[in-house]
Amino acid sequence: MNLLVSLRSETLKLKRTLSVYLCILGAAFGPLMSFLENLHPHPNQKRGQSWTIHFLEGREPVSIALLPLYTVLVCTLLMQIEYRDKGWKQVLTSPQRMIDIFLAKFLSLHAMIFLFLFSYLCCLGITAFTTELVQPGLYNGKPDITAILIANVQVWILVLGLSAIQFWISLRLKNFIAPVGIGVACWFLSPMMIFEFKADIVQYYPYAFTILGVLPDHKANIVTYQWYSIATAVIFLSIAFLEFRIRKVRM
């Protein structure tokens, strides 16, 4: 019950931030680009594409850039709620357990990630349906809802490690620019390690898991990347909570 109270408090705080607007705008960006591209299709463009393939291929912009960068920004915004006006002092002196405060923060982060993925699917469906009205016959068949949901759960698991690292960094650093800069720089290294340097170590790099999950040469190892992501999340959440408990938060 105490955790639910803390989670409700975090939800109310989010309403006063740009997180929800950022979520909707970020989720709509990819589908909007796809809509504009398909609005005037190339004469040789293949028609009768499966709806399921459309949704599965739609994961690529999310996995490669949109979701990792969104997670970096939302992690930072969540912590800035407390750093602004010295909110940590009020939170830490309230009658809430430390573990409840900590978990409520992390769960609210993933509630926003789920909202992002759900909004992206909705936008992808709306733009595809609108395109089908303008260009009949572009899509065909019925969508495999189970396959689409499983694919999105996989994306969520792959971003767990990244989210835990950014959660820890944002918890430690009071400055807004620093966590965002570190997160963007770490994400930017991922495509360089994969495509430019072709480094084998990239398979252990948490910021690259979502990208690797959609690349043809790495899809076969997606379960392994999911386990790496879960292990990374456990390690960094443990470190973050230990530091949080001994009050290394910069109030």
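The values are calculated or read from the model by the stated rules, or taken from the named source; none is laboratory data. None of these values were measured; they are calculated from a predicted model. Ideal geometry is used to build each Cβ from the backbone, glycine not excepted, and the neighbour counts take in all protein chains shown.
Any chance you could count how many residues in the stretch 37-53 are part of a helix (DSSP H, G or I) and at pLDDT 80 or above?
Summing the residues that are part of a helix (DSSP H, G or I) and at pLDDT 80 or above in the stretch 37-53 gives 3.
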- Select from the stretch 75-100 the residues that are touching a Phe, Trp or Tyr at 6+ places or on another chain (Cβ under 8 Å) and of a type in the set (V, I, T) and write down the one among them that is modelled with the lowest pLDDT. I99
- Name the pairs: first residue in the stretch 113-128 and assigned to a helix (DSSP H, G or I), second residue of a type in the set (V, I, T) and crowded, with 17+ Cβ neighbours inside 10 Å, Cβ to Cβ under 6 Å, at least 6 apart or on different chains? Y120/V62
- Note on the structure: When (1) touching a helix residue (DSSP H, G or I) at 6+ places or on another chain (Cβ under 7 Å); (2) modelled with pLDDT of 90 or more are applied to A111, the one that fails is (1)
- Query: Which residues, taken from the stretch 153-174, are modelled with pLDDT of 95 or more and polar (S, T, N, Q)?
  - Reply: Q154, S163, Q166
- Does T232 meet the test of being modelled with pLDDT of 95 or more, of a type in the set (S, T, N, Q), within 29 Å of I53 (Cα to Cα) and out of contact with any Ser or Thr (no Cβ under 8 Å at 6 or more places or on another chain)? no
- Query: Are any of the residues in the stretch 90-113 more than 17 Å from the chain's Cα centre (by Cα), over 21 Å from L237 (Cα atoms) and acidic (D, E)?
  - Reply: no
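Within the stretch 89-101, which residues are touching a residue at least 40 places away in the same chain (Cβ under 8 Å) and surrounded by fewer than 20 Cβ atoms within 10 Å (Cβ to Cβ)?
K89, L92, Q96, R97, M98, I99, D100
Determine which member of the set V214, V184 is buried (at least 21 other Cβ atoms within 10 Å of the Cβ) and of a type in the set (V, I, T).
Sole residue among the options that is buried (at least 21 other Cβ atoms within 10 Å of the Cβ) and of a type in the set (V, I, T): V214.
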